[in-house]
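Contents: one structure, followed by commentary.
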There are 2 protein chains.
Amino acid sequence: MITDFQDWTKGCQTRIEDFLQKLLPAQDQPPTNLHGAMRYAVLEGGKRVRPLLSFAAGELSGADEERVTVVATAVELIHAYSLVHDDLPCMDNDILRRGKYTCHVEYDEATALLVGDSLQSLAFELLTQHCLADSPQTQLKMIGHLARAAGSRGMAGGQAVDLASVGKTLSLVELEFMHNHKTGALIHVAVMLGAHCGKNLSNAQLESVDRFSKCIGLAFQVVDDLLDAEATTATLGKTAGKDAKNNKPTYVSILGISQARDLANELQHDAYEALKDFGSTAKRLRQVTDFIIQRKF
Amino acid sequence: MITDFQDWTKGCQTRIEDFLQKLLPAQDQPPTNLHGAMRYAVLEGGKRVRPLLSFAAGELSGADEERVTVVATAVELIHAYSLVHDDLPCMDNDILRRGKYTCHVEYDEATALLVGDSLQSLAFELLTQHCLADSPQTQLKMIGHLARAAGSRGMAGGQAVDLASVGKTLSLVELEFMHNHKTGALIHVAVMLGAHCGKNLSNAQLESVDRFSKCIGLAFQVVDDLLDAEATTATLGKTAGKDAKNNKPTYVSILGISQARDLANELQHDAYEALKDFGSTAKRLRQVTDFIIQRKF
């Protein structure tokens, strides 16, 4: 069972990597420095959790794998751009990401800024270049969902709240608001877009998927906070312990490690509950849920 | 005639301003600091040259004014985001824009970064929320055009070349390559999207519009370089003389003022030529051309 999931995960990751390899402008295409930096920031990077969620959610609606590859890649491009910008000196000022120097360290700040800007544009360009749904109207809606999830009422907005919260004491409700935007919005849309690639789901089904993706988005962040507190930089591939060092409110700082772990388990349970009517088509989503909760990096 | 054009211009600018006022998240919607900064960076700003080009190009295809308002606003959001990022310390490090402090001076660097990121997302979200063309397939193509024009093979790519060229001597061909991307790509798409909002134009007509928009994009930059060399900061509303100060190659530095002015006039002539088969439907585009060539700020 574990091997089966590992094979599936590897297959998804390879598909995304191959697709990105072809999609990203070649290193020798002018402006070469920018294109080299875009490739540096995106390729061979990370666990591709959001794409895994898109692929798994696509199984709920019997979605075509090629369509899901496109939406999963677009979501990953938005995620990659956000990491490049978040690592900049005026934001988190971090020098390590995915076991490599961050983009502005390997290149320079101006290039990293343009890398992020260009990756965002590329995500939206990509979503117009392939047929992604049975109707173009649905495809337009999907593009709108991603744009909204990325913007000031989604991920970028959560980042703004995060910056404003440094050194402050947040309530659990405020912390949840921040993470629902900063991390949750993009995870949510990764799931929803994957599901939208296939046959139409009923409103009740879409509500279940929506509920699932909100649980898993929050669970992802709770586990992220636990790992930042418990793991080492070598294991994480990014600087560990920086939340405490930066005096950032986290689930661990508010709840403590033991209760934060309880919350993660509770969210895992709620995520499973939301999927209960999908039967075996939700097998991969359950596995990805376990993977997110149990990951060590 | 001049009054007629001034009235038309004022009408377009008011439509864009009103639309932006409603579109941008309210200042009291969380995260309030980010939303306030987005409004600061976009509202009451600039000549809205790109929207004017969209409205004028819309007349070539009898486009509906409400559709053009949407595409013009999206282009202006991309333009506004690029200004906020270009002004950052790691880029041009400028403190004045449109007669006000730049966004990172009025707020801070991190907020300005997120403002630009969020404005880009908002542009694409907007383009999915209204019917903009007779077929949704055309609308998807239009979104793709804007995304490509904004990205590494368009505006952001031109900015990367610009940064790499500081202190270097460029040939006229290299300078043209840079500006065709940095300024030209977005002006080009402003014209094309306006034209796409109406009835289908023939391929020959689209080629003419394409040729026109390339001429006007380059002309815009030549005049920009002339103004930077000749005008004062008070008139421009942004720092004058900074190209020479930053040792940036410009049309003025390569050609001298007199020949740069000749080039602007030549491009104006070519732009007129490209429009010759459109007759009276191109009246506004000719007027906007004159406005771009003769502007003093």
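Just so you know, all these numbers are worked out from the coordinates, no wet-lab data involved. What you are looking at is a predicted structure, and each value in this text was computed from that prediction instead of being measured. Cβ placement follows ideal geometry from the backbone for every residue including glycine, while neighbour counts extend to all protein chains displayed.
For this structure, a couple of remarks:
- In chain A, the calculated helix contribution to ellipticity at 222 nm averages -22500 deg cm²/dmol per residue, counting -39,500 (n - 2.57) for every DSSP H run with n ≥ 4.
- Other protein chain Cβ atoms within 10 Å, averaged over every residue that makes up B:242-249: 0
- Positive-end ranking of A:Ala195, A:Asn180, A:Ser165 along the dipole of segment A:162-233, with charges on Cβ about the Cα centre, is headed by A:Ala195.
- Length-normalised contact order of chain B in % [C-alpha pairs under 8 Å, at least 6 apart]: 21 percent
- Inter-chain Cβ neighbour count for B:88-98, averaged per residue, equals 2 (cutoff 10 Å, partner chain atoms only).
- Across the identical copies, the 7 Å label point of A:Glu273, projected outward along Cα→Cβ, sits 7.3 nm from its counterparts, in ascending order.
- Translational diffusion of segment A:166-271, µm² s⁻¹ [Kirkwood Rh, Cα pairs; Stokes-Einstein; 37 °C; 0.692 mPa s]: 221 µm²/s
- Alpha-carbon centroids, segment A:62-91 and segment B:20-49: separation in whole Å: 26 Å
- Reference-scaled alpha-carbon Rg (2.2 N^0.38 Å with N residues) for segment B:1-144: 1.09
- Estimated inter-spin distance, A:Gln205 and A:Ser171, nm [label 7 Å along Cα→Cβ]: 3.9 nm
- The H on the amide N of B:Leu96, modeled in the peptide plane, is under 5 Å from the matching H of B:Thr102, B:Thr239, each at least 5 residues off or on a different chain.
- Per residue Cα convex hull volume in Å³ - calculated over segment A:116-208: 97 Å³
- Segment A:2-294: C-alpha gyration tensor shape, a/c 1.5 cut-off, then a/b vs b/c: oblate
- Nearest-first distances (nm) between copies at A:Lys245, label 7 Å from Cα via Cβ: 3.7
- Mean-square fluctuations from a GNM of chain A, with a 10 angstrom spring cutoff on Cα atoms, peak among A:Leu53, A:Leu186, A:Leu43 at A:Leu43.
- Label-point spacing at A:Thr32 relative to the other copies reads 5.1 nm, in ascending order, each point sitting 7 Å out from Cα along Cα→Cβ.
- Cleavage-rule hits (trypsin sites (Lys or Arg not before Pro)) in segment B:80-182: DSSP loop, at most 12 neighbouring Cβ within 10 angstrom: B:Lys168
- Taking the three principal axes of the alpha carbon atoms in segment A:246-297, the coordinate ranges are 43, 20, 16 Å, sorted in descending order.
- Value of Rg to Rh for the protein assembly as shown, rounded to two decimals, is 0.98; Kirkwood radius and Rg both from alpha-carbon coordinates.
- Distance between modelled label sites at B:Arg98 and A:Ala26, nm, 7 Å Cα→Cβ extension: 4.1 nm
- Membrane-span-like helices of chain A, defined as complete DSSP H segments with a Cα extent of 20 Å or more along the helix axis and a mean Kyte hydropathy of at least -1.0, are identified as A:2-23, A:65-86, A:109-127, A:136-150, A:203-230, A:251-274.
- For segment B:181-200 versus segment B:144-180, the gap between their alpha-carbon centres in whole angstrom: 18 Å
- For segment B:93-247: rounded, prolate or oblate by the Cα gyration tensor [a/c cutoff 1.5]: oblate
- Most fluctuating residue given options B:Ser135, B:Ser121, B:Ser208, as computed from a GNM of chain B linking Cα atoms under 10 Å: B:Ser135
- Taking amide H atoms as placed 1.01 Å from N in the peptide plane, the amide H of B:Ser152 lies under 5 Å from those of B:Gly157, each 5 or more residues away in sequence or on another chain.
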